[in-house]
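One structure is given below, encoded as structure tokens.
None of the figures in this text is laboratory data; all of them are computed from the coordinates on show. These numbers come from a predicted model, not from an experiment. Virtual Cβ from ideal backbone geometry, glycine too; neighbours counted across all protein chains shown.
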Amino acid sequence: MAGTSYKGSEIESVDQFIKGDGLDSVREKEIGQHIGYRYDVNLVPDYTRLTPFLNKYMEVMGWDDLNWLEDVHMGYEEGNPAVFDRNINGWVRVPDTIELPDNQQDRDMIARELLIKFQMSERHPLVQLRQAYTKF
């Protein structure tokens, strides 16, 4: 069944990566450190946990899934919750006003929403580059 294992280890709960020590596969336990990519990129997000914004976004775009966001997860930068934006090769911190749930899948959905909103905002650095270098 898809979404129940990753890199030689069974996924026991959606909070496994928050509560665990990061050494879940046999190889990781052998060498005593986490290696490789933490999440299986083939794991499909639980669509029952979509935020209202993501539901509307998929509807407006005419998409059936969020495959391009499947590997976006809530991370941390200097102890603060953040999401990594590959376009700018940097972390986007989560505003302090947002209360994060305890469930990792819900956190990941919020991370996806924040990433989309930031990439569409006027504050995104690529918008400034476009404005600076557009010919017409």
Residues Val60, Val83, sorted so that the one with the fewest Cβ neighbours within 10 Å comes first: Val60, Val83
Shape of region 44-136, Cα gyration tensor, a/c cut at 1.5: oblate
Relative exposure of Lys117, Lys135, judged by other C-beta atoms within 10 Å (fewest first): Lys135, Lys117
GluC sites (Glu not before Pro) within region 42-136: DSSP coil, no more than 14 neighbouring Cβ in 10 Å: Glu78, Glu99, Glu122
